[in-house]
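Read through the structure below, which is laid out as structure tokens, and then see the notes.
Rule-based calculations on the coordinates, nothing more; no lab input. These figures come from a predicted structure and were not determined experimentally. Note that each Cβ is placed from the backbone with ideal geometry, even for glycine, and that neighbours are counted across all protein chains shown.
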Amino acid sequence: MSDAYQQSVIEQAEAYAEKVIRPQAGQFDRQESLPREIIDGLASRGLLGAPLPVQYGGLGLDPLFYGKLTEIIGKACCSTRSLLTVHTSLVGETLAKLGTPAQRERFLPDLVKGSRIACFALSEPKVGTDATSVKTRFEKQGDVYVLNGRKKWISFAGIADLYLVIAADGDTVSAFLVERTAPGLSVKPMSGLLGNRAAHLAEVFFDNVEVPAENVLGRMGTGFSFVANTALFYGRYSIAWAGVAIGQAALEEMVGYACEREQFGQKIGEFQLVKGMIADAVTQIHAARALCERSGRLRMAGDDDAVMEVNMAKYFCSKMALQVAANAVQVFGGNGCWNEYPVERLFRESKILEVIEGTSQVQQVMIANHGMRRYRRHKVV
Ligand SMILES: Cc1cc2nc3c(=O)[nH]c(=O)nc-3n(C[C@H](O)[C@H](O)[C@H](O)COP(=O)(O)OP(=O)(O)OC[C@H]3O[C@@H](n4cnc5c(N)ncnc54)[C@H](O)[C@@H]3O)c2cc1C
């Protein structure tokens with residue numbers, strides 16, 4: 001795929017995001033729902049399948065251009081970007097990589113068209129960070145697997161048609177593609193969230209849900225080690241760019257306000273302490289974007305370091321987004337604490353990034369272990 005073609009996709013997406021999505025983002029947040037016409041708008045532009053192979057209808061964007069797309073959509077609306085993270089990255093990219101030819105043929109074209117919405121169901125009421133100990137059970141009964149249990153916090157589960165579910169049988173953890181129409185599957189919408197309010201979060205209940213053997217994703221027993229970890233790799237890459245998106249949106253709001261608002265007879269942007277917040281934001285965002293681009297290039301090169309570099313990008317960018325959004329609120333003063341201005345929402349959304357796809361603490365543990373292996377001197381005398 002030529003760079004010129006990929007760039008044209010980005011430009012068209014940006015026009016749509018700025019004209020249609022961004023002006024409505026506050027409303028989506030308040031109504032806690034992403035309207036179907038936005039999902040259709042993304043699908044009709046091919047964006048729901050942006051990084052997916054052309055043979056299934058995808059646009060075949062490389063990770064760098066897909067990252068840029070994630071930033072553009074995320075800058076306009078976090079919940080809309082979350083659809084790309086979940087539907088396109090966590091499920092779509094994972095299916096494209098690990099699915100059998102029959103599974104890819106059966107599901108990917110519908111995911112690209114948006115005629116099926118997909119979600120990723122790992123977390124449970126009592127299982128979050130310690131994801132290998134999922135309590136949702138599967139049992140082989142004849143030709144089918146029977147699922148029982150409960151998932152929680154599942155983005156887009158409220159409207160999804162396809163659920164990528166991680167379940168266990170004793171120590172064996174496996175991944176299943178479960179269709180919404182399967183008898184025994186039910187959902188209960190969740191509301192009142194800090195952010196991602198329009199992302200149709202729901203709890204999902206499995207009551208003797210039968211899943212045909214051809215819907216097992218990856219080999220039996222590799223549901224966490226291989227499938228969930230692959231999905232989380234794609235998800236973390238997406239969240240890293242989501243951090244850049246929030247930082248950039250908060251910066252633009254902050255600068256606009258600082259150039260307009262007057263106190264003590266001058267624009268507040270002329271005060272050096274306000275300039276300090278702007279300088280920090282610009283620098284941090286540039287550093288964050290560079291880290292995302294580096295991890296994207298490593299992904300494209302198939303470099304083993306890509307996994308750890310994506311963890312670092314996710315950790316750094318989510319932390320950066322929270323700092324920049326908090327400073328944007330500060331620059332707005334009282335107006336920053338009011339939902340008539342977008343920085344209030346950006347601040348709430350930024351905190352979510354430190355929790356999802358592996359918390360910041362978990363990223364720190366993984367990065368520290370990596371650092372202690374790689375940067376240890378052989379001998380200290
Ligand atoms: C808006 C939103 C959307 C979400 N979407 C999805 C989704 O689509 N699919 C899905 O499966 N899940 C989803 N989640 C769930 C999310 O992935 C979990 O909330 C996250 O993994 C953390 O798990 P937990 O909430 O159980 O926290 P816990 O695991 O209970 O962690 C609580 C605290 O303890 C810390 N902690 C835990 N273990 C360690 C450790 N070993 N070392 C240091 N600190 C530790 C954590 O960092 C955290 O600060 C979503 C959550 C939110 C808020």
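Observations on the structure shown:
- Volume in Å³ per residue [convex hull over Cα atoms, computed for the range 276-381]: 135 Å³
- For the range 239-326: Kirkwood Rh in Å [reciprocal of mean 1/r, alpha carbons]: 13.8 Å
- Cα-based Kirkwood hydrodynamic radius, the chain, one decimal, Å: 21.3 Å
- Neighbour-limited loop hits for trypsin sites (Lys or Arg not before Pro), the range 55-137 (at most 12 other Cβ within 10 Å; DSSP other than H, G, I, E, B): Lys126
- Value of Rg to Rh for the range 120-219, rounded to two decimals, is 0.96; Kirkwood radius and Rg both from alpha-carbon coordinates.
- Taking Cα atoms only, the orientation of helix 101-113 departs from the longest principal axis of the chain by about 40 degrees.
- Top positive-direction residue, dipole computed over the range 271-331 with Cβ charges, set Ala281, Val307, Gln330: Gln330
- Cα centre as origin, Lys/Arg/Asp/Glu Cβ charges: the chain dipole, Debye: 800 debye
- Loop-located GluC sites (Glu not before Pro) in the range 252-292 (DSSP state not H, G, I, E or B) with no more than 12 neighbouring Cβ atoms inside 10 Å: Glu260.
- What separates the Cα centres of the range 223-294 and the range 18-38 is a distance of 21 Å.
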